[in-house]
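Novice: Mind having a look at this structure? Questions to follow.
Just so you know, all these numbers are worked out from the coordinates, no wet-lab data involved. Quick caveat, the model's predicted, so the values are computed rather than measured.
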């Protein structure tokens, strides 16, 4: 499985269109971890899994998504409903409940990736309003690729350039 994970675009529809166009046919799935501030029926979501963030007022957006992409179970939520500002325990528990191999979330605007209970837990950061240590990058998203050897994660800046120090491999 190879997927693109983005979050917290806060009304910047154009960056989502650019990512969809640039990665069309190159990834198996697109995930938006919430706070798009777009309507659930916006055409940009025709080819993208999306969840409702705390700044999304369209209640037709789901609070979470649990799907399989090429036999890889993925769970996604925005993060505010599972208290990610206070720790990842509830998020990890939700991922376990959904038998996820990959758990994606947003909300904090800070990128991060780690392994918990055998699951990859990833925040792509904010594509348009980053915070924290990597704010200087001007926005980030991630490409996640699973294989027999493990899971590879590469973060990119909003100019679609890979960030060399933000490349990770998690062995099986």
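Novice: Is the shape of the chain best called rounded, prolate or oblate, per the rule: a/c under 1.5 gives rounded, else a/b larger than b/c gives prolate, else oblate, with a ≥ b ≥ c the square roots of the Cα gyration tensor eigenvalues?
Specialist: It comes out rounded by the Cα gyration axes.
Novice: Counting DSSP beta bridges with both partners in the stretch 71-137, what percentage is antiparallel, nearest 5? Walk me through the numbers before you get to the answer.
Specialist: Details: 5 of 11 bridges.
Roughly 45 percent of the DSSP beta bridges within the stretch 71-137 come out antiparallel.
Novice: Counting only Cα atoms, I'd like the Rg/Rh figure for the stretch 1-101, Kirkwood definition for Rh.
Specialist: 0.96
Novice: What does the helix-only formula give at 222 nm for the chain: each DSSP H stretch with n ≥ 4 adding -39500 (n - 2.57), the total divided by the residues, and the result rounded to the nearest 500 deg cm²/dmol?
Specialist: My calculation for the chain gives -3500 deg cm²/dmol from helical runs alone.
Novice: May I pose another question? Report for the stretch 2-171 the percent antiparallel among DSSP-assigned beta bridges with both residues inside it, nearest 5. Don't skip to the end; give the middle numbers.
Specialist: Details: 29 of 41 bridges.
Expressed as a percentage, antiparallel bridges in the stretch 2-171 total about 70.
Novice: Right, here's the next one. Does the stretch 56-154 come out rounded, prolate or oblate by the C-alpha gyration tensor, with a ≥ b ≥ c the root eigenvalues, rounded set by a/c under 1.5 and, if not, prolate when a/b is larger than b/c and oblate if not?
Specialist: oblate
Novice: Alpha carbon centre of the stretch 1-21 versus the stretch 84-144: separation in Å?
Specialist: Comparing the Cα centres of the stretch 1-21 and the stretch 84-144, I get a distance of 15 Å.
Novice: Would you work out the Kirkwood radius for the stretch 42-112? I mean one over the mean of 1/r across all pairs of different Cα atoms, in Å.
Specialist: Values: mean 1/r = 0.0784 Å⁻¹.
It is 12.8 Å.
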